[in-house]
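The values are calculated or read from the model by the stated rules, or taken from the named source; none is laboratory data. As the structure is a prediction and not an experimental result, all values here were calculated from the model. Counting neighbours? That spans all protein chains shown, and the Cβs are built from the backbone with ideal geometry, glycine included. The accessibility values were calculated without ligands, DNA or RNA, using every heavy atom of the protein model including side chains. Shrake-Rupley method; radii C 1.70, N 1.55, O 1.52, S 1.80 Å.
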Amino acid sequence: MQLSGNTILITGGGTGIGQALALALAENNQVVICGRRPQPLNETVERDCRIKAYPCDITNADDVETLRRKLQADELHVNMLINNAAILNHYHLGKPEDFDAIQATTELHANLTAPITLTMAMLPQLLNTTNPVIINIGSPGGVVPVSPTPIYSASKAGLHTFTQILRLHLKGKATVVEVFPPTVDTAMTGALNRKKMSTADCLPAILKGLAAGAEEVWVGEGRIVRWLMNLLPPGWVFKLVSSQPSMKV
């Protein structure tokens, strides 16, 4: 994959992996970031003034259409879309009295329906460029469910399925990649009691996998999940992962 000379749109570009990707890719590409909160976007732009920022709630279809029109009006011909924005919450499904349906719905929208909606809204423009690329930031939890984060796991499983089918439908027209980072030390994962990889360590591995042209980029301990899935029946892998102390709710 060519990682220079692109016009790249990154969702959730104000924090975490999205911000790290934006700052790294801005060296040799035109980078545009979007997100719900203006302050993190502005902080990213302050770190590199070459980055352009557009406030946008990607769970809102009207916001997505407004973003698409603004990019078009500003002659930003995006050829690479990175669906990175996500929400992660904890639930014990055996405690329905603690379940927040509104919060869970928002999480599903942010992690699954929003990247689908944005991808399909941007697709005509993407396919009108040279070497169009769609990169979805998935999760090992979308392949092997993670007990403390059931809605996150379910939404990432949906994104994984969408990515696989999108890749098939766009064969010969666009490159479709899914990235599987391990648990990365960001604001989103602050409450998780498990080993975490820093964004500084995660970023080079992601970029290396993208540059190599891999359809799936597995990073850090996430590679263990892929190895186990190739070795054992899925049910066994789920039981093995769920038995770990860090998976207790």
Entirely in segment 1-57, the strands (runs of 3 or more DSSP E) that have 1 or more residues that are open to solvent by 10 Å² or more (accessible area, probe 1.4 Å) and among the hydroxyl-bearing types (Ser, Thr, Tyr): 7-11, 52-55
Identity of the residue in segment 91-122, assigned to a helix (DSSP H, G or I) and without any contact (Cβ under 8 Å) to a residue 24 or more places away in the chain, that ends up nearest to Thr161 (Cα to Cα): Met120
Residues of segment 145-165 that turn out to be basic (Lys, Arg) and free of Cβ contacts under 8 Å to residues at least 40 places away in the same chain, as a count: 0
Looking only at segment 213-236, and only at residues there that are small (Gly, Ala, Ser) and closer than 20 Å to Leu203 by Cβ, the one that is surrounded by the most Cβ atoms within 10 Å (Cβ to Cβ): Gly222
Failed condition for Thr130, given (1) in contact with a strand residue (DSSP E or B) (Cβ under 7 Å, 6 or more places away or on another chain); (2) of a type in the set (Ser, Thr, Tyr); (3) open to solvent by 10 Å² or more (accessible area, probe 1.4 Å): (1)
Top-ranked residue of segment 1-22 - restricted to ones that are in contact with a helix residue (DSSP H, G or I) (Cβ under 6 Å, 6 or more places away or on another chain) and over 26 Å from Asn60 (Cβ atoms), ranked as modelled with the highest pLDDT: Leu3
Failed criterion for Ala157 (all others in (1) assigned to a loop (DSSP other than H, G, I, E, B); (2) modelled with pLDDT of 95 or more hold): (1)
Among (1) among the charged types (D, E, K, R); (2) modelled with pLDDT under 95; (3) open to solvent by less than 50 Å² (accessible area, probe 1.4 Å) - the single one Glu107 does not satisfy: (2)
Complete set of residues in segment 165-188 that are under 22 Å from Ala211 (Cβ atoms) and either part of a loop (DSSP other than H, G, I, E, B) or more than 14 Å from the chain's Cα centre (by Cα) (or both): Leu166, Arg167, Leu170, Lys171, Gly172, Lys173, Ala174, Thr175, Pro181, Pro182
Residue in segment 59-68 that is basic (Lys, Arg) and open to solvent by 60 Å² or more (accessible area, probe 1.4 Å) present: no
